[in-house]
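Reading through the structure tokens given below for one structure.
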Amino acid sequence: MKITRHTAPDMRQALRAVRERLGPEAVILSSRRTGNGVEVTAAMDFDAEALVPTEIETPVPSSAAAPAPQAIASPAPAAPTAASAIAVAAPSGSVPPPMAATPAVAPFAGLQIANQAMESELKTMRRMLETQLAQLAWNDLARRAPIHTEMLRELTEIGLAPDLAAEVVAGIPTGADLTHARRVAIATIAQRVLVTGDRWLAQGGRVALIGPTGVGKTTTLAKLAVRWVLQHGARDLALVAADSARIGAQDQLRALGQLLGAPVHVVEDLAELPALLARLTRTRLVLIDTPGLSQRGHALGARLEALAADGRELETALVLAASTQAGAIAETIARFAPASPASCVLTKVDEAASLGGALSVLARSQLPISYVSEGQRVPEDLRPARALELVSSAVQLAKMTGAAADEDLLKRRFGEFAHALA
């Protein structure tokens, strides 16, 4: 371990000196104010595993000569030991076989346990020191760049992922006021969120809506179908009911087709889709309602492969509920990736407590958003996705729900980021 002491006019310069001298793995042991500024004591990390012995050998004698037996007069002879028994059994002048040496395992096992305990304590101490360092760096950043720390707080309140929030704030120019910083942050997030525009209703296509159970695939299909009929009429529209798992799903689609005057085709197996699409070549818009699939179900892989086989004739769109946690949305995108979805539809926006998590996942996965659904009304509650509107909705939702970021949470999340900006 290498321990050094650094003095500087302020904490920022002291931390920079620590990194230059010891590297980014250095930890702060203590800090105090002096007449000339601050004094920081730092240490360079070391490998605690080096304390654990890798190999221990116990020397074993090659042979041992037994002492010559002696007759001892005793009224009550003692019980013969193992060594004396060997000596008696051996013929005169011969050397008895060596005794097996017992390795001293217990002391070394205890040493390993002690070293493991020491290693655990060192890791705990390191985490504590890293936490203290993050707090010092965060406090220093708050003093030097209060606009940046305020933006990190606001982006955390809307639910944005820490890594994305740090990237956005890093792009805010130095010296910007809070209003300008907010505009830059919103514009940066909007650039990360991809959208497709209103191309289905403008150009048509063959779209299969896929996704987990209960995310609103059938409702989204109904909204798209009604909007198409209002703009283009029912002649160039066809509906395909491929959901044979949910009770009443096909009857629901038949009722919609009868109401709109559009034909409805029933498919019991997704493998029948290629033949059906071949008969609908002159239909401008074909909307396919697929069965809800659990992202962890056993039948998911086979059904997605069947959809992917029709990739040149069919576009798949993943339906995601904005009210779902960000981790579940990320898992859904990963599980449905074999179907090669070209875009997604974000539903249940009106039920979401926060939109930042969903936008973070979609920005990270680069999956474009086609439409946004925020209600049950058909077709009013469906609109083409616009990135700037989505980010603004996330900000307004955070204000409406009164979301607040805890100071300790900010220090833990962005201490390393603040340390990098020092």
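Can you work out which of the residues in the stretch 229-268 that are in contact with a helix residue (DSSP H, G or I) (Cβ under 8 Å, 6 or more places away or on another chain) and at pLDDT below 85 is surrounded by the fewest Cβ atoms within 10 Å (Cβ to Cβ)?
Per the stated criteria, the residue is S244.
Of the conditions (1) modelled with pLDDT of 90 or more; (2) more than 19 Å from the chain's Cα centre (by Cα); (3) open to solvent by 50 Å² or more (accessible area, probe 1.4 Å), T188 satisfies every one except a single condition; which number is it?
Unmet for T188, out of (1) modelled with pLDDT of 90 or more; (2) more than 19 Å from the chain's Cα centre (by Cα); (3) open to solvent by 50 Å² or more (accessible area, probe 1.4 Å): (3).
Can you list the helices (runs of 4 or more DSSP H) lying wholly within the stretch 145-207 that have 3 or more residues being of a type in the set (V, I, T)?
Working: elements: 146-157, 162-170, 178-192, 199-203.
By residue number, 146-157, 178-192.
Please work out if G214 is closer than 23 Å to E351 by Cα and open to solvent by 40 Å² or more (accessible area, probe 1.4 Å).
Details: closer than 23 Å to E351 by Cα: yes; open to solvent by 40 Å² or more (accessible area, probe 1.4 Å): yes.
Against the criterion (closer than 23 Å to E351 by Cα and open to solvent by 40 Å² or more (accessible area, probe 1.4 Å)), G214 qualifies.
Which of the residues belonging to the stretch 293-309 are at pLDDT 60 or above and either part of a loop (DSSP other than H, G, I, E, B) or surrounded by fewer than 19 Cβ atoms within 10 Å (Cβ to Cβ) (or both)?
L293, S294, E305, A306, A309 - these are the residues of the stretch 293-309 that are at pLDDT 60 or above and either part of a loop (DSSP other than H, G, I, E, B) or surrounded by fewer than 19 Cβ atoms within 10 Å (Cβ to Cβ) (or both).
Considering only residues that are of a type in the set (A, V, I, L, M, F, W, C) and modelled with pLDDT under 95, which ones fall in the stretch 331-350? Reasoning before the result, please.
Quick first cut of the stretch 331-350, residues of a type in the set (A, V, I, L, M, F, W, C) only: 333-334, 336-337, 339, 342, 344-346, 349.
Passing the criteria: I333, A334, F336, A337, A339, A342, V349.
If the Cβ limit is 8 Å and pairs must be 6+ apart or interchain, which residue in the stretch 192-212 that is under 20 Å from A363 (Cβ atoms) pairs with which residue that is open to solvent by 60 Å² or more (accessible area, probe 1.4 Å) and of a type in the set (S, T, N, Q)?
That search, which allows pairs on different chains as well, returns L194/Q366.
Kindly list, by first and then second residue, each pair from a residue in the stretch 163-191 that is touching a residue at least 24 places away in the same chain (Cβ under 8 Å) and over 24 Å from P368 (Cα atoms) to a residue that is of a type in the set (G, A, S) and assigned to a helix (DSSP H, G or I), limited to pairs with Cβ atoms under 8 Å and residues at least 6 apart or on different chains.
Short answer, once both residue conditions are applied: I172/A181; I172/A185.
Tell me, please, whether a residue that is assigned to a helix (DSSP H, G or I) and modelled with pLDDT of 80 or more can be found in the stretch 22-42.
Residues of the stretch 22-42 that are assigned to a helix (DSSP H, G or I), as a first pass: 22.
Within this subset, residues satisfying the condition of being modelled with pLDDT of 80 or more are 22.
Yes; the residues of the stretch 22-42 include at least one that is assigned to a helix (DSSP H, G or I) and modelled with pLDDT of 80 or more.
Looking at the stretch 239-249, is at least one residue within 14 Å of T283 (Cβ to Cβ) and assigned to a loop (DSSP other than H, G, I, E, B)? Before you say what the answer is, go through the steps one by one.
Initial filter on the stretch 239-249 (within 14 Å of T283 (Cβ to Cβ)): 239-240.
Still in the running and assigned to a loop (DSSP other than H, G, I, E, B): none.
Checked against the condition, which is being within 14 Å of T283 (Cβ to Cβ) and assigned to a loop (DSSP other than H, G, I, E, B), the stretch 239-249 yields no hits at all.
Can A142 be described as at pLDDT 75 or above and either surrounded by 16 or more Cβ atoms within 10 Å (Cβ to Cβ) or over 27 Å from A322 (Cβ atoms) (or both)?
Values: at pLDDT 75 or above: no; either surrounded by 16 or more Cβ atoms within 10 Å (Cβ to Cβ) or over 27 Å from A322 (Cβ atoms) (or both): yes.
So A142 fails the test.
Answer with yes or no whether V207 is touching a Lys or Arg at 6+ places or on another chain (Cβ under 6 Å) and either surrounded by 19 or more Cβ atoms within 10 Å (Cβ to Cβ) or not small (G, A, S) (or both).
So V207 fails the test.
The values are calculated or read from the model by the stated rules, or taken from the named source; none is laboratory data. Quantities reported herein were computed from a predicted structural model and do not represent experimental measurements. Because the Cβ atoms are built from the backbone with ideal geometry, glycine has one as well, and the counts that use them run over all protein chains shown. All accessible areas refer to the heavy atoms of the entire protein, side chains included, with ligands and DNA or RNA removed. Shrake-Rupley method; radii C 1.70, N 1.55, O 1.52, S 1.80 Å.
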